[in-house]
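Chemist: Here it is, the structure in full.
What follows draws every value from the coordinates through simple rules; no lab data is involved. Keep in mind it's a predicted model, so treat the numbers as computed, not measured. Glycine also receives a Cβ, built like all others from the backbone with ideal geometry; neighbour counts cover every protein chain displayed.
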Amino acid sequence: MTVTLDSACELHPQVALRPEPFGALAYHYGNRKLVFLKHPDVVAVLRDVAAHDTLADTLVAHHVAPERWNSFVSALSSLEASEIIRVRQ
Amino acid sequence: MSVSNLSTQLKGGLDAPICLTWELTYACNLQCIHCLSSSGRRDPRELDTDQVKNVLDQLRDLQVFYINIGGGEPMIRKDFFEILEHAEHNNIGVKFSTNGTYITAENAQRLASMNYLDIQISMDGVDRATNDAVRGEGSFDTSIAAMNFLRDANFGPFKISVVMTRHNVDQLDAFKQLADSYGAQLRITRLRPAGRGADTWNELHPTQAQQRQIYDWLIAHGDNVLTGDSFFHLNAFGESLPGLNLCGAGRVVCLIDPIGDVYACPFVIHDQFKAGSVHDEGGFAHVWRNSDLFLSLREPESEGACTSCGNYDSCQGGCMAAKFFTGLPLDGPDPECVIGAGESLLKSAPVTLIPKPSMDHSRKVSVTVGGNK
């Protein structure tokens, strides 16, 4: 499953985020994947995405300009493939 | 942000290490001739159980996701499982390296029941003769027995960890087959001239031709083989190997030794690379964030003698520890520089200036290459 603007997402429960000067590190304790999150606004969206019904709602809440929404969809899709986030059922 | 920008960020240092190695004891039942930490005898100053737990709590607070435990032989500690459990309860993943001696059927069951745990069984030859020449008589059979116990306990995919020497480069395919036959993952790392390895490096380190062989093999198989990013000096051969391609010492990597001293990386146990101690005021975090040594390692490095070489962006000048313990300048070429710049410099290096490790816990027996003792 890939992420769309309508997806309801959440951090994978086995994932921890650690703030760093460049953004954050995400670590998955299950598959041992370590991911560098290099955009602070992606980190802010990730931390908050479970609190909103859709990804689009999260982007609105974080004042992300609509022309950047596609890049967030692809960033979160790739994070979903690494199981850093998952789509809520 | 591009990869090179990420690299710049990492060189500037992280708020806490990604890859922290913690050697729990200098005690070891083996006496491997390339041991990075010159292990053998326990040091009376080693951290006790409460001190170890206190440091683990500090690492939890820093969100260090996982640690690499080694030694010495870490399982020799009577509180080994207590330490593992404390780490697990605090969400600190553990990957530990062992020679396998203490992995009995019972211990394998106990290890298999734990979460966030990876095990690396050390093995430096795919046959008894090659392995035991480096690790000591009987050590090959010990490693195989440990692997069998882990398999029988359904531990899952453990790792077989191999230090590449000129005697086992030709065994890479056989190592991969051995790992596959156990459902295990192969990990190969670079031989460093650190600890007792400083004394045996000349005889053991891969030849120039074998370096190319390792590189070609990793290009072909690298996606399924772990390396600890230790072969980035080979990137000057062409396409970059998977990994961060930088010296992580003091930037993303550090070592805590058995007595709590903090060094820039596991391969430089020497006063010149000691940043402080977990006993210092402010503990580990203060050392990581404020030590003069670590701050200086996070400054842009001088390309020195490599400035005019077109390969510098690929190889980053190689490994600091390998240069240091072979007596080469830190801003010069790696001793195993793929275009031979290190090799020719070594021939002219004044031998008397080669630094010795600051500590030696070797047992008082003679160690000879070839390992008949």
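Chemist: Is chain A best put as rounded, prolate or oblate by its Cα gyration tensor, with a ≥ b ≥ c the root eigenvalues, rounded for a/c under 1.5, and otherwise prolate when a/b is larger than b/c, oblate when not? Display every interim value, and only then the final one.
Modeler: Values: a/c = 1.76, a/b = 1.26, b/c = 1.39.
Oblate shape, in that a/c is at least 1.5 and b/c is the bigger or equal ratio.
Chemist: Given the DSSP H assignment, sum -39500 (n - 2.57) over each helix run of at least 4 residues in chain A and divide by its residue total; what's the result at 222 nm in deg cm²/dmol, nearest 500?
Modeler: Working: 3 runs with 29 residues, N = 89.
One gets -9500 deg cm²/dmol as the mean residue ellipticity at 222 nm.
Chemist: Using the Cα gyration tensor of chain B, with a ≥ b ≥ c the square roots of its eigenvalues, what is the shape: rounded (a/c below 1.5), prolate (a/b larger than b/c) or oblate (neither)?
Modeler: Since a/c stays below 1.5, the shape of chain B is classed as rounded.
Chemist: Which whole number of Å³ per residue matches the convex hull of the alpha-carbon atoms in the stretch B:121-162? Don't skip to the answer; put the middle values down first.
Modeler: Numbers: hull volume 2.2 nm³, N = 42.
Hull volume normalised by residue count: 51 Å³.
Chemist: Still on this structure, please answer the following. If you plug each phi of the stretch A:6-21 into the Karplus form 6.51 cos²θ - 1.76 cosθ + 1.60 with θ = phi - 60°, what whole-Hz ³J(HN,Hα) values come out, in order, with x for Gly and Pro?
Modeler: Those phi angles translate into 8, 5, 9, 10, 8, 4, 4, x, 9, 9, 10, 10, 10, x, 9, x Hz.
Chemist: Continuing with this model, one more query. Which number gives the lysine pairs in the protein assembly as shown that have C-alpha atoms under 23 Å apart and are eight or more places apart or on different chains?
Modeler: 21
Chemist: The stretch B:107-146 to the stretch B:2-41: how many Å between their Cα centroids?
Modeler: 20
Chemist: Using a 10 Å cut-off around each Cβ, can you sort B:LYS78, B:LYS53 from fewest to most neighbouring Cβ atoms? Before the final figure, lay out the partial values.
Modeler: Working: B:LYS78 8, B:LYS53 17.
The order, fewest Cβ neighbours first, is B:LYS78, B:LYS53.
Chemist: Return P(r) of the stretch B:1-143 (all Cα-Cα pairs; 5 Å bins starting at 0; whole %; ordered from short to long distances).
Modeler: Here the calculated profile for the stretch B:1-143 is 2, 9, 17, 19, 17, 15, 10, 7, 4, 1, 0.
Chemist: Rounded, prolate or oblate, given the Cα gyration tensor of the stretch B:154-195, with a/c below 1.5 counting as rounded?
Modeler: Working: a/c = 4.29, a/b = 1.63, b/c = 2.64.
Since a/c reaches 1.5 but b/c is at least a/b, the shape of the stretch B:154-195 is classed as oblate.
Chemist: Identify which of B:ASP141, B:ASP152, B:ASP223 has the largest mean-square fluctuation in a Gaussian network model of chain B, with springs joining Cα atoms closer than 10 Å.
Modeler: Greatest mean-square fluctuation among the candidates belongs to B:ASP223.
Chemist: Highest GNM mean-square fluctuation, chain B, Cα pairs closer than 10 Å: which of B:ILE259, B:ILE188, B:ILE144?
Modeler: The residue that fluctuates most here is B:ILE144.
Chemist: Using a 7 Å offset from the Cα along the Cα-to-Cβ direction at both B:GLN109 and B:GLN272, what is the distance between the two label points in nm, to one decimal?
Modeler: Label at B:GLN109, label at B:GLN272, 5.1 nm between them.
Chemist: Something else: Sort B:PHE155, A:PHE22 so the one with the fewest other Cβ atoms within 10 Å of its own Cβ comes first.
Modeler: Details: B:PHE155 23, A:PHE22 20.
Ascending number of Cβ neighbours within 10 Å: A:PHE22, B:PHE155.
Chemist: While we're on this one: Radius of gyration and Dmax for the stretch B:68-140's Cα atoms, expressed in Å?
Modeler: Values for the stretch B:68-140 (Cα only, Rg and Dmax): 13.4, 42 Å.
Chemist: Would you calculate the separation in nanometres between label points at B:ARG298 and B:ILE354, each defined as 7 Å from the Cα along the Cα-to-beta-carbon direction?
Modeler: Reported label-point gap for B:ARG298 and B:ILE354 is 3.4 nm.
Chemist: Separate question: Among B:SER308, B:SER143, B:SER362, which one shows the highest mean-square fluctuation when chain B is modelled as a Gaussian network with alpha-carbon springs under 10 Å?
Modeler: With Cα springs under 10 Å in chain B, the top fluctuation among B:SER308, B:SER143, B:SER362 is at B:SER308.
Chemist: Rounded to two decimal places and with Rh computed the Kirkwood way over Cα pairs, what is Rg over Rh for the stretch B:102-190?
Modeler: Details: Rg = 12.7 Å, Rh = 13.2 Å.
Rounded to two decimals, Rg/Rh equals 0.97.
Chemist: Pull up the DSSP beta bridges for the protein assembly as shown and report the antiparallel fraction as a percent, rounded to 5.
Modeler: On the way: 18 of 47 bridges.
Antiparallel bridges make up about 40 percent of those DSSP assigns within the protein assembly as shown.
Chemist: Of all chymotrypsin sites (Phe, Trp or Tyr not before Pro) in the stretch B:58-135, which ones are in loop regions per DSSP and have a Cβ with at most 16 other Cβ atoms within 10 Å? Kindly include the intermediate steps, with their values, before the conclusion.
Modeler: Details: sites: B:PHE65, B:TYR66, B:PHE80, B:PHE81, B:PHE96, B:TYR102, B:TYR116; in loops: B:PHE65, B:TYR102, B:TYR116.
Those satisfying the criteria are B:TYR102.
Chemist: Considering only B:GLY156, B:GLY243, B:ALA108, whose Cα is most displaced toward the positive end of the charge dipole of the protein assembly as shown, charges sitting on Cβ of Lys, Arg (+1) and Asp, Glu (-1)?
Modeler: The Cα lying farthest towards the positive end belongs to B:ALA108.
Chemist: Please give the calculated 222 nm ellipticity per residue for chain B, where each DSSP H segment of at least 4 residues contributes -39500 (n - 2.57) and the sum is spread over every residue; nearest 500 deg cm²/dmol? Could the numbers behind the result be given before it?
Modeler: Working: 14 runs with 126 residues, N = 373.
Mean residue ellipticity, 222 nm, calculated: -9500 deg cm²/dmol.
Chemist: Then there's this: Can you give the % of DSSP beta bridges in the stretch B:161-299 that are antiparallel, to the nearest 5? If you can, show how the numbers build up before the last one.
Modeler: Details: 5 of 11 bridges.
Bridges in the stretch B:161-299 are about 45 percent antiparallel.
Chemist: Quick one: order B:THR130, B:THR307 by neighbouring beta-carbon count within 10 Å, fewest to most.
Modeler: Numbers: B:THR130 18, B:THR307 10.
Final ranking by Cβ density, sparse to dense: B:THR307, B:THR130.
Chemist: Something else now. Can you tell me the dipole magnitude for the stretch B:67-205 around its Cα centre, using point charges on the Cβ only (Lys, Arg +1; Asp, Glu -1), in Debye to the nearest 20? All intermediate terms of the calculation are to be shown ahead of the outcome.
Modeler: On the way: 14 positive and 18 negative charges, 65 e Å.
Dipole about the Cα centre, nearest 20: 300 debye.
Chemist: In peptide A:27-37, what is the residue-averaged number of other protein chain Cβ atoms found within 10 Å of each Cβ?
Modeler: Working: counts 7, 1, 7, 2, 0, 6, 0, 4, 0, 7, 0.
Average neighbour count from other chains, rounded to a whole number: 3.
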